[in-house]
Amino acid sequence: GAGVSQTPSNKVTEKGKYVELRCDPISGHTALYWYRQSLGQGPEFLIYFQGTGAADDSGLPNDRFFAVRPEGSVSTLKIQRTERGDSAVYLCASSLGTGGLNTIYFGEGSWLTVV
Amino acid sequence: AQKITQTQPGMFVQEKEAVTLDCTYDTSDPSYGLFWYKQPSSGEMIFLIYQGSYDQQNATEGRYSLNFQKARKSANLVISASQLGDSAMYFCAMQIIQGAQKLVFGQGTRLTINP
């Protein structure tokens with residue numbers, strides 16, 4: 001597609017449940033990022049993929065959070081045993097991933113609410 | 001570590017006036033970029049403009065320009081001839097060229113354009 005696509009756009013889940021959020025990056029973009037944005041805050045980095053591998057996962061808050069990108073395109077962010085504090089907008093982004101500055105393009109986000 | 005500071009939580013401007021949104025940054029890396037994104041109430045992060053640390057001239061993109069003052073570590077966004085559709089959150093972000101190239105965001109400024 002033309003832009004970064006994220007599904008679902010909205011997800012309401014009960015505390016303790018498992019959630020998957022999907023991201024389809026811009027075609028040809030090798031770099032993929034996940035960010036989390038809480039209300040009234042700027043986005044915070046979670047994880048970065050270059051191709052299939054997670055090159056930097058330093059932003060994942062704990063081991064309940066995990067992400068994969070098995071074929072170097074679509075990525076899935078997985079959250080186990082969800083907590084109310086996980087409620088946020090989860091933003092996916094992609095870039096060409098080449099040397100030098102790379103503009104990072106964002107999707108519209110997946111709004112997660114844990115009740 | 002990198003840090004972005006946006007000191008204006010909210011700005012109110014009359015339509016057709018120019019507006020400057022402030023951004024200061026801190027990094028010890030010599031190679032970096034400063035980016036501005038717009039986030040309307042729909043939630044999507046829209047890329048506006050960027051400036052590389054080695055660029056000699058200030059970046060411009062239509063009604064947007066970036067007032068980059070390297071010695072002061074500031075990268076203010078200037079919007080000329082503001083329009084009602086410019087009302088949104090605006091985020092300044094920094095990207096280090098080496099490594100993951102992840103963006104570090106400021107807290108944002110909410111811009112409201114009054115008719």
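The values are calculated or read from the model by the stated rules, or taken from the named source; none is laboratory data. Predicted model only: the values in this text are computed from it and were never measured. Every residue, glycine as well, gets a Cβ built from its backbone with ideal geometry; the counts of neighbours run over all protein chains shown. Surface accessibility is based on the protein's heavy atoms, side chains included, excluding ligands, DNA and RNA. Shrake-Rupley method; radii C 1.70, N 1.55, O 1.52, S 1.80 Å.
Points to keep in mind about this one:
- Inter-residue pairs, beta-carbon under 7 Å, first within 24 Å of residue A:26 (Cβ to Cβ) and in the range A:48-64, second of a type in the set (Val, Ile, Thr) and assigned to a loop (DSSP other than H, G, I, E, B), 6+ apart: A:50/A:30; A:51/A:30
- Of the residues making up the range A:85-115, those that are touching a Cys at 6+ places or on another chain (Cβ under 9 Å) and either on the phi > 0 side of the Ramachandran plot or surrounded by fewer than 19 Cβ atoms within 10 Å (Cβ to Cβ) (or both) number 1.
- Any chance residue B:115 is open to solvent by 70 Å² or more (accessible area, probe 1.4 Å) and touching a Leu at 6+ places or on another chain (Cβ under 9 Å): yes
- Scanning the range A:85-98 for residues that are assigned to a helix (DSSP H, G or I) and closer than 19 Å to residue A:8 by Cβ gives a single hit, A:86.
- Single match in B:79, B:4 (criterion: in contact (Cβ under 8 Å) with a residue 24 or more places away in the chain and touching a Cys at 6+ places or on another chain (Cβ under 6 Å)): B:4
- Among strands (runs of 3 or more DSSP E) entirely within the range B:6-97, having at least 1 residues that are at the interface with chain A (Cβ under 10 Å from one of its Cβ atoms) and surrounded by 15 or more Cβ atoms within 10 Å (Cβ to Cβ) singles out B:32-39, B:46-52, B:88-96.
- Of all residues in the range B:98-112 being of a type outside the set (Phe, Trp, Tyr), in contact (Cβ under 8 Å) with a residue 24 or more places away in the chain and open to solvent by 10 Å² or more (accessible area, probe 1.4 Å), the one that is farthest from residue A:37 (Cα to Cα): B:98
- Hits in the range B:19-49 (condition: in contact (Cβ under 8 Å) with a residue 24 or more places away in the chain and among the aromatic types (Phe, Trp, Tyr)): B:25, B:32, B:35, B:36, B:37
- Residue count for the range A:61-100 under the criterion of being among the aliphatic types (A, V, I, L, M) and modelled with pLDDT under 95: the result is 1.
- Residues within the range A:99-115 that are assigned to a loop (DSSP other than H, G, I, E, B) and of a type in the set (Ser, Thr, Tyr), tallied: 1
- Among the residues of the range A:85-101, those identified as within 8 Å of chain B (Cβ to nearest Cβ) and within 18 Å of residue A:44 (Cα to Cα) are A:89, A:91, A:93, A:95.
- Once the range A:68-84 is narrowed to residues that are part of a strand (DSSP E or B) and either among the β-branched types (Val, Ile, Thr) or open to solvent by 10 Å² or more (accessible area, probe 1.4 Å) (or both), the residue that is nearest to the other protein chains (Cβ to nearest Cβ) is A:68.
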